[in-house]
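J.: Shown below is the structure under consideration.
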Amino acid sequence: MSDILTPAQRHANMAAIRSASTKPEVTLRRALWREGFRYRMNDKRLPGTPDIVLPKYRTVIFVHGCFWHGHKDCKNYTVPKTNTDFWTAKIARNQERDQDTWRQLEAKGWSVIIVWECELKKGRLQETVRATASAIRRNGEILRSAQDDRRKAREEYWQARREQKAREESLKAELDAKYHKK
Ligand SMILES: [Zn+2]
């Protein structure tokens, strides 16, 4: 990167970095597909337009570029020596927005998984896919057990209602028999 960029150059640079950062996302998607997961991509209806959406597991995945999202202690996140304030502020804004997005998604009952670009490099890919797949499955189990609990609670409620009604009817019949006898 040159020392001083015109806004247009800076924009072109950012676009180049952004489109390059879509590749790790594709790598992860393909790996998850091979693991048997089915997903939607870039769902604009959800906060932050998550890269990968797994409705069955109520889980979304963001693949984050280490630089743009400020991956802590990552060698891919080094703030440029020039325009340092600009980059620091920009990345801080991205991080704030990320956190806001996660909060919104979690408030809607979605689990959020963040996968960092550096975790998808060749040497680390397999381990990352394994960890991601197991996190997704775990979310699915939690979701299903919560659904089971709700279903059970619903059944208990209706069962109690039916019993109440039966009691009322039998009481009514009893009273009828007692006071309206011919
Ligand atoms: Zn990183």
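Every number here is computed from the coordinates shown, using simple stated rules; none is lab data. Fair warning: this is a prediction, and the values are worked out from it, not measured in the lab. Cβ sites come from the backbone with ideal geometry, for glycine too, and all protein chains shown count toward neighbours.
J.: Just to be sure I understand: with springs between alpha-carbon atoms less than 10 Å apart, which residue in S170, S111, S134 has the highest mean-square fluctuation in the Gaussian network model of the chain?
T.: Of the options given, S170 has the highest mean-square fluctuation.
J.: For the chain, take the longest principal axis of its alpha carbons; what is the angle in degrees between that and the long axis of helix 22-34, to the nearest 10 within 0 to 90?
T.: Long axis of 22-34 versus the principal axis of the chain: about 40 degrees.
J.: Which cross-chain or sequence-distant (5 or more) residues have an amide H under 5 Å from the amide H of H64, H modelled 1.01 Å from N in plane?
T.: V115, W116, E117
J.: Right, something else. With the cut-off at 24 Å, report for the range 28-132 the share of all Cα pairs above it, as a whole percent.
T.: 30
J.: Can you give the extra length, in nm with one decimal, that the chain gains between T78 and A92 once fully stretched, where that is 0.36 nm per residue apart less the Cα-Cα distance?
T.: 3.7 nm
J.: On to the next question. Could you order peptides 85-94, 136-145, 63-72 by the average number of other Cβ atoms within 10 Å of their residues, highest first?
T.: Packing proxy ranking, top to bottom: 63-72, 136-145, 85-94.
J.: Now for a different question. Do the sum for the chain: with -39,500 (n - 2.57) for every DSSP H run of n ≥ 4, divided by all residues, what is the mean residue ellipticity at 222 nm, to the nearest 500 deg cm²/dmol?
T.: -21500 deg cm²/dmol
J.: A further question on this structure: Among V115, V60, V79, which one moves the most in a GNM of the chain with springs linking Cα atoms closer than 10 Å?
T.: Maximum among the listed residues: V79.
J.: As I understand it, the value is the acute angle between the Cα axis of helix 84-107 and the longest principal axis of the Cα atoms of the chain; what does it come to in degrees, rounded to 10?
T.: 10
J.: Something else about it: State, to one decimal in nm, how far the label point of A173 lies from the label point of Q104, with both points 7 Å from Cα in the Cβ direction.
T.: Here the modelled spin labels are 5.8 nm apart.
J.: Listing E25, E96 from the residue with the fewest other Cβ atoms within 10 Å to the one with the most, what is the order?
T.: Ascending Cβ contact count within 10 Å gives the list E96, E25.
J.: In a GNM of the chain with a 10 Å cut-off on Cα contacts, which of Y77, Y57, Y39 has the highest mean-square fluctuation?
T.: Highest fluctuation among the options: Y77.
J.: Percent relative contact order of the chain, based on C-alpha pairs within less than 8 angstrom and at least six residues apart?
T.: This gives 21 percent for the chain.
J.: Next up: Please turn the phi angles of the range 57-63 into ³J(HN,Hα) values with the Karplus equation 6.51 cos²θ - 1.76 cosθ + 1.60 (θ = phi - 60°), one per residue in order, whole Hz, x for glycine and proline.
T.: In residue order, the calculated couplings are 10, 6, 10, 10, 10, 10, 9 Hz.
J.: For T132, T101, T49, T6, what ranking results if the residue with the fewest other Cβ atoms within 10 Å of its Cβ goes first?
T.: Going from sparsest to densest Cβ surroundings: T6, T49, T101, T132.
J.: Output the 0 to 90 degree angle, nearest 10, between the alpha-carbon long axis of helix 7-20 and the longest principal axis computed from the alpha carbons of the chain.
T.: Its long axis makes an angle of about 60 degrees.
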